[in-house]
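Taking it in order: structure first as C-alpha cells, then the write-up.
Please treat every number below as a calculation from the coordinates, not as lab data. Just so it is clear, the model here is predicted, and its values are computed rather than measured. Positions of Cβ are backbone-derived with ideal geometry, glycine not excepted, and every protein chain shown enters the neighbour counts.
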Amino acid sequence: MGSGLWDTHVHLDDERFAGDRKEVLAEIGREMAGVINPGCDGASSAFAVELAEKYPWVYAAVGWHPENLTELPKDYLAKEAAWAEHPKVVAIGEVGLDYYWPDNAPREVQKKVFKEQMDLAAQLHLPLIIHDREAHGDMLELFRKDAPRGLEAVFHCFSGSVEMAAELAKKGCYFGFGGTSTYKNARKVREVMLSLPKELLLLETDSPYLAPVPYRGKRNKPLYTKLTAQNMALLLGVSYEEVVAFTEENTLRLFRKIKQPLS
Ligand code: NI
C-alpha cells in the first residue's frame, strides 16, 4: 500500500464510479494507505461491506443517511449491528440531519433515527460518521442533551461555526476536511480548521462530490485527498508529510478497528 494518505469519506458505490471503479480502487491501493466508505442505506451499506471484503485498503461504515429515511426498514438497527460484527466495518455512518432538501423525512423523524444510531454506535464502541446540513442548532442540542457517554464521532465536511466546532471538539469530536476547504468562498471552513487542535483533523473527499480545486465541478476521487492535504499544509504552515502523518495517526486513533488484526 502507498503513503499514509487516508480518505475517510468516499462513496465508491455511486454510479459516477460505474465506468472506472476498478481503476479507482487500484489507484487507491497504489497511492494511498486506504479509504473508508460509509453506507447511506441498506444497499449502499451492503455494497460497502462487499468492497471492504474484496480490497484490503477499503474499510466500510454502515448507516442510514437522513436523505434516505422514507423507506427505512423496521429492523434497520439490527441490520447495522449485524454488519458491524464484520472486522472491516469500522464505524456507523453516514448518519445525521439534513434540513436542506424539502423532500427529506420530517425533522422529528430525522432526529429520532439519528439518536437511535448514535446510541447504537456507543453501544458497539464504534465511532459515528455525521452529516449535518443546515441543521446546526438541532445537532448541537442533540449533542448537549442526548449524546451517550463515550460517544466518538467525526463531523464530515463540517460547515458549522468556529464556536460550534469548539464545543464539539470539547466533547471529543473529530472533523473531516475535503474539497470545500480549498474553495475560494469557503473562508469559514478554513477558519474552523485553523481553530482546531491538529489531533482532531481528518482528510476526506466525499467523492464523487465536492472535488477540490483545480477540479471543482468535476467528479471527485479518493486520490484528490492529496490536494486537500497540500492545502491544509499551506494553511497550517507545516509540511505536506506532517499533514499526512498526523491525519493518519488521527484516522487510526478514531477508527481503531482498522488496526485490529482480521480474524
Ligand atoms: Ni457522504
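Among the charged types (D, E, K, R) and under 22 Å from residue 94 (Cα atoms): which single residue out of 257, 198, 188, 184 fits that description? Give the derivation first.
Details: 198 fails: under 22 Å from residue 94 (Cα atoms); 188 fails: under 22 Å from residue 94 (Cα atoms); 184 fails: under 22 Å from residue 94 (Cα atoms).
Checking each option against the conditions leaves just 257.
May I ask you to list the residues in region 39-87 that are within 16 Å of the ligand (Cβ to nearest atom), surrounded by 14 or more Cβ atoms within 10 Å (Cβ to Cβ) and of a type in the set (A, V, I, L, M, F, W, C)? Across region 39-87, the qualifying residues are 40, 47, 48, 51, 58, 60, 61, 62, 64, 69. Do you know which of the residues in region 144-159 that are among the small types (Gly, Ala, Ser) and closer than 30 Å to residue 182 by Cβ is nearest to the ligand (Cβ to nearest atom)? Here the residue is 159.
Residues are listed down the side, and each one gets a yes or a no for (1) exposed (fewer than 15 other Cβ atoms within 10 Å of the Cβ); (2) closer than 25 Å to residue 17 by Cβ:
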site	(1), (2)
193	no, no
196	no, no
216	yes, yes
221	no, yes
226	no, yes
231	no, yes
234	yes, no
243	no, no
259	yes, no
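Take residue 184 and tell me if it is free of Cβ contacts under 8 Å to residues at least 40 places away in the same chain, assigned to a loop (DSSP other than H, G, I, E, B) and closer than 21 Å to residue 13 by Cα. Please lay out each step first, then the result.
On the way: free of Cβ contacts under 8 Å to residues at least 40 places away in the same chain: yes; assigned to a loop (DSSP other than H, G, I, E, B): yes; closer than 21 Å to residue 13 by Cα: no.
It is false that residue 184 is free of Cβ contacts under 8 Å to residues at least 40 places away in the same chain, assigned to a loop (DSSP other than H, G, I, E, B) and closer than 21 Å to residue 13 by Cα.
Does region 67-84 hold any residues that are among the aliphatic types (A, V, I, L, M) and closer than 18 Å to residue 111 by Cβ, and which are they? If the condition is that a residue be among the aliphatic types (A, V, I, L, M) and closer than 18 Å to residue 111 by Cβ, then 69, 72, 77 are the ones that fit. Could you grab me the full set of residues in region 201-226 that are part of a loop (DSSP other than H, G, I, E, B) and within 16 Å of the ligand (Cβ to nearest atom)? Residues satisfying the conditions are 204, 205, 206, 208, 209, 210, 211, 212, 219, 220, 221. Can you tell me which residue is nearest to the chain's Cα centre (by Cα) among those in region 29-38 that are within 17 Å of residue 50 (Cα to Cα) and away from the ligand (no atom under 16 Å from the Cβ)? So the residue we want is 34. Of the residues making up region 4-28, those that are surrounded by 16 or more Cβ atoms within 10 Å (Cβ to Cβ) and either more than 16 Å from the ligand (Cβ to nearest atom) or β-branched (Val, Ile, Thr) (or both) are 4, 5, 8, 10, 24, 25, 28. Pairs linking a residue in region 1-30 that is closer than 22 Å to residue 202 by Cα and touching a residue at least 40 places away in the same chain (Cβ under 8 Å) to a residue that is among the small types (Gly, Ala, Ser) and within 16 Å of the ligand (Cβ to nearest atom), with Cβ atoms under 6 Å and 6 or more positions apart or on different chains, are 8/176; 9/176; 10/207. Checked against (1) polar (S, T, N, Q); (2) surrounded by 18 or more Cβ atoms within 10 Å (Cβ to Cβ); (3) over 22 Å from residue 62 (Cβ atoms), residue 161 passes all but condition (2).
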